[in-house]
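Heads up, the thing below is written out as structure tokens.
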Amino acid sequence: MVVGRMGRRHLALGALAASLGLSLGAGIILGSVRVPFGTAVRALLRGPEGVAPEAYAIVVELRAPRVLLAAAVGAALASSGVTYQALFRNDLADPYVIGVSAGAALGAVAALSLGAGGPSVPVAAFLCAIATVTMAFRIARRDGGIRMADLLLAGLALSALLTAATSLLLVLSSGTLQQALTWLLGGFGGRGWFHVAYALPYVAMGYVLVQVRWRELNLLLLSEDEAWSLGVDVVRARRWLVGGATLMSAAAVSVAGLIGFVGLVVPHLVRRLLGPDHRLVLPGSALAGAALMVDADLVARTVAPPMEIPVGVVTAFLGVPFFLWLLRQGGK
């Protein structure tokens, strides 16, 4: 029976991988201009020689980096959501609980207010997100250790302060208001290979830091005393796990803006499908989050052409009902 259950879970993991492959293909083929499947494959494999210049530009220069970036961002948000929910033992935790989003938002809006653009915006967002989390850690440190409740409260307080600072910048910099609001709503418009090359190493590094500690993440769901008795260095494990999750979510926010609910919704659905073991839940959430984000971006750019809806709006319409359902379940 155990073998059969594990076999079914691995089949489910394979199904999630297949769904991601289908989503990636649809994201490249579909859009305001539909590209035939064969043309897209030739453009990706052969370069500009075997296809028309217009088709090559659409597939390789516009859609391929956008789809890959959406997949990386979705995987990062979902994987960090799994980690935060386990660490805080809170089903409603998501990648923004310790100030990641507020710090990134302030960095991006500050860069835009100063007239910067292009590569400087995600760099500023990433640096401010990391600085915010580092400050939250310093505030929560007590006697050489960190209490997760204190870290959560520090993150919430810093988020409130940084959100106020971001609002002030928006008021004082009316010339960049529209551009800043577009970034804050989240999306992948105008993103290219630079953003993929910038974000992907940080997402991969953060994911590896978390995945290699899946057993410790399982044991941290127990009480601290039980985890210690089973050989887990709780302080060190938490430091690495929070660091990996924050690295992923900060990189995602820095290139895509504020996209909510992916890190909240996906882990719950994957746990229902694969069970509680983080050895499977982490890769399953990465695959499902990547597929969901690619699909959400496809909806955002095709539902009302030529206008493009922010991806954050699409994920909010999906995530808010699920969030309310979780609150209802928690009340019961």
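The values are calculated or read from the model by the stated rules, or taken from the named source; none is laboratory data. For clarity, every value in this text was computed on a predicted model and none was experimentally measured. In this analysis, Cβ positions are derived from the backbone assuming ideal geometry, glycine residues included, and neighbour counts consider all displayed protein chains. Accessible surface is based on the protein model in full, side chains and every heavy atom, while ligands, DNA and RNA are left aside. Shrake-Rupley method; radii C 1.70, N 1.55, O 1.52, S 1.80 Å.
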Scanning region 159-202 for residues that are β-branched (V, I, T), open to solvent by 70 Å² or more (accessible area, probe 1.4 Å) and touching a residue at least 12 places away in the same chain (Cβ under 8 Å) gives T163, T182
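Mind telling me which of the residues A140, A204 ends up being touching a strand residue (DSSP E or B) at 6+ places or on another chain (Cβ under 9 Å) and of a type in the set (G, A, S)?
A140
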So if I check each of G190, G175, G206, which one is at pLDDT 90 or above and either at positive phi or in a helix (DSSP H, G or I) (or both)?
G206
Return only the number of the condition from (1) hydrophobic (A, V, I, L, M, F, W, C); (2) modelled with pLDDT of 85 or more; (3) part of a helix (DSSP H, G or I); (4) touching a helix residue (DSSP H, G or I) at 6+ places or on another chain (Cβ under 8 Å) that W183 does not satisfy.
(2)
All but one of (1) crowded, with 20+ Cβ neighbours inside 10 Å; (2) at pLDDT below 90 hold for A304, so report the exception by its number.
(1)
Given the options L77, L112, name the one that is in contact with a Ser or Thr (Cβ under 7 Å, 6 or more places away or on another chain), open to solvent by less than 20 Å² (accessible area, probe 1.4 Å) and more than 22 Å from L247 (Cα to Cα).
L112
What tally of residues in region 80-95 results from selecting those that are surrounded by 22 or more Cβ atoms within 10 Å (Cβ to Cβ), of a type in the set (A, V, I, L, M, F, W, C) and not in a helix (DSSP H, G or I)?
1
Of the conditions (1) touching a residue at least 40 places away in the same chain (Cβ under 8 Å); (2) assigned to a helix (DSSP H, G or I), the single one that L269 does not satisfy is (1)
Would you point out the residue of region 63-74, among those that are touching a residue at least 40 places away in the same chain (Cβ under 8 Å) and not β-branched (V, I, T), that is most open to solvent (accessible area, probe 1.4 Å)?
L68
All but one of (1) within 30 Å of H278 (Cβ to Cβ); (2) in a helix (DSSP H, G or I); (3) open to solvent by 10 Å² or more (accessible area, probe 1.4 Å) hold for A129; state the number of the condition that does not hold.
(3)
Of G289, G257, which residue is open to solvent by less than 10 Å² (accessible area, probe 1.4 Å), over 20 Å from G99 (Cβ atoms) and of a type outside the set (A, V, I, L, M, F, W, C)?
G289
List every residue pair whose Cβ atoms sit under 7 Å apart, with the two residues 6 or more apart in sequence or on different chains, where the first one lies in region 212-238 and is within 13 Å of M148 (Cα to Cα) and the second, anywhere, is among the charged types (D, E, K, R) and in a helix (DSSP H, G or I).
V234/E224; A237/E216
If a residue must be closer than 30 Å to L62 by Cα and open to solvent by less than 60 Å² (accessible area, probe 1.4 Å), how many such residues does region 203-242 contain?
4
Output the residues belonging to region 307-326 that are open to solvent by 80 Å² or more (accessible area, probe 1.4 Å) and not in a loop (DSSP other than H, G, I, E, B).
F317, L318, L324, W325
Collect the residues in region 55-90 that are in contact with a Lys or Arg (Cβ under 8 Å, 6 or more places away or on another chain), aliphatic (A, V, I, L, M) and modelled with pLDDT of 95 or more, keeping them in residue-number order.
L69
